[in-house]
Amino acid sequence: GGGGGGGGEEGPTFRATSATAPVAATFTLQGYFRYLHASQEEAPLYLFDRNFDHKLSELGADYDVPAYFRSSDDHSVRAGEAAKGQPGTDLFRLFGTAARPDYRWLICGPKRSGSIFHIDPNQTNAWNVSIQGRKKWIFYPPGVSPPGVVMSADGADVTVPISTGEWLLSFWDQHLEARKHPDPALRPLEAVVQPGETIFVPHGYWHMVVN
């Protein structure tokens, strides 16, 4: 587990958690970076904040939707720019600012941090940019549960390994066998995203990430 920002530091605070943490921790950025460089846990606390644009206005100003992912009527299209015929697929914008589900995050973590297998909610298509460091992604296609992931018949309850480290140690051999499936459409996919690269996460795909 981890502590708070400590040290009498001032400034906005950010939420960090992990699969093994009983409760989330709160850090200033300075406090989290100190924790990040000193962390030795198997499952380090992962800073995952949805309100970074309100807390750090400069970062909020840096955030922009790449042209490839913009809708033709997307509010983020700058004046004079065209969306080049991209379809209007951002349906969450119809909720307006107040009711729109969370859709962008600042994510930061040390080596070994990450997220265990999950499917993004609300049928979301997502994109993720690595600013610094490398991210290992593993995907399983819709309808194919990763080894160690057990779903109830109605899909309401999901049991997963407690951490990425546990999954890699316990189920890697089964994952290697899954990569040999005779139907390529049912094989898992893997990628390592380098700094400055963007990855697209299609809705319905199981995925996990290790930093």
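The values are calculated or read from the model by the stated rules, or taken from the named source; none is laboratory data. Please read these numbers as outputs of a predicted model, since none were measured by experiment. We place every Cβ from the backbone using ideal geometry, glycine too, and count neighbours over all the protein chains shown. Please note that ligands, DNA and RNA were not included when accessible areas were found on the heavy atoms of the full protein model with its side chains. Shrake-Rupley method; radii C 1.70, N 1.55, O 1.52, S 1.80 Å.
Kindly establish whether Gly148 is under 30 Å from His181 (Cα atoms), modelled with pLDDT of 90 or more, in a loop (DSSP other than H, G, I, E, B) and small (Gly, Ala, Ser).
Judged against the criteria, Gly148 is a match.
How many residues, within region 108-132, are assigned to a loop (DSSP other than H, G, I, E, B) and surrounded by 14 or more Cβ atoms within 10 Å (Cβ to Cβ)?
9
How many residues, within region 165-194, are among the hydrophobic types (A, V, I, L, M, F, W, C), touching a strand residue (DSSP E or B) at 6+ places or on another chain (Cβ under 7 Å) and modelled with pLDDT of 95 or more?
4
Are any residues in region 147-192 at positive phi and surrounded by 12 or more Cβ atoms within 10 Å (Cβ to Cβ), and if so, which ones?
Matches in region 147-192: Gly148 only.
Do the conditions hold for Phe139, that is, is it in contact with a His (Cβ under 6 Å, 6 or more places away or on another chain), open to solvent by less than 60 Å² (accessible area, probe 1.4 Å) and at pLDDT 90 or above?
Yes, satisfied.
Residues checked against (1) assigned to a loop (DSSP other than H, G, I, E, B); (2) small (Gly, Ala, Ser); (3) out of contact with any Leu (no Cβ under 8 Å at 6 or more places or on another chain):
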{"residue": "His175", "(1), (2), (3)": "no, no, yes"}
{"residue": "His181", "(1), (2), (3)": "yes, no, yes"}
{"residue": "Gly196", "(1), (2), (3)": "yes, yes, yes"}
{"residue": "Ile199", "(1), (2), (3)": "no, no, yes"}
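Is at least one residue of region 142-158 of a type in the set (D, E, K, R) and more than 21 Å from Thr17 (Cα to Cα)?
Yes - at least one qualifying residue is present in region 142-158.
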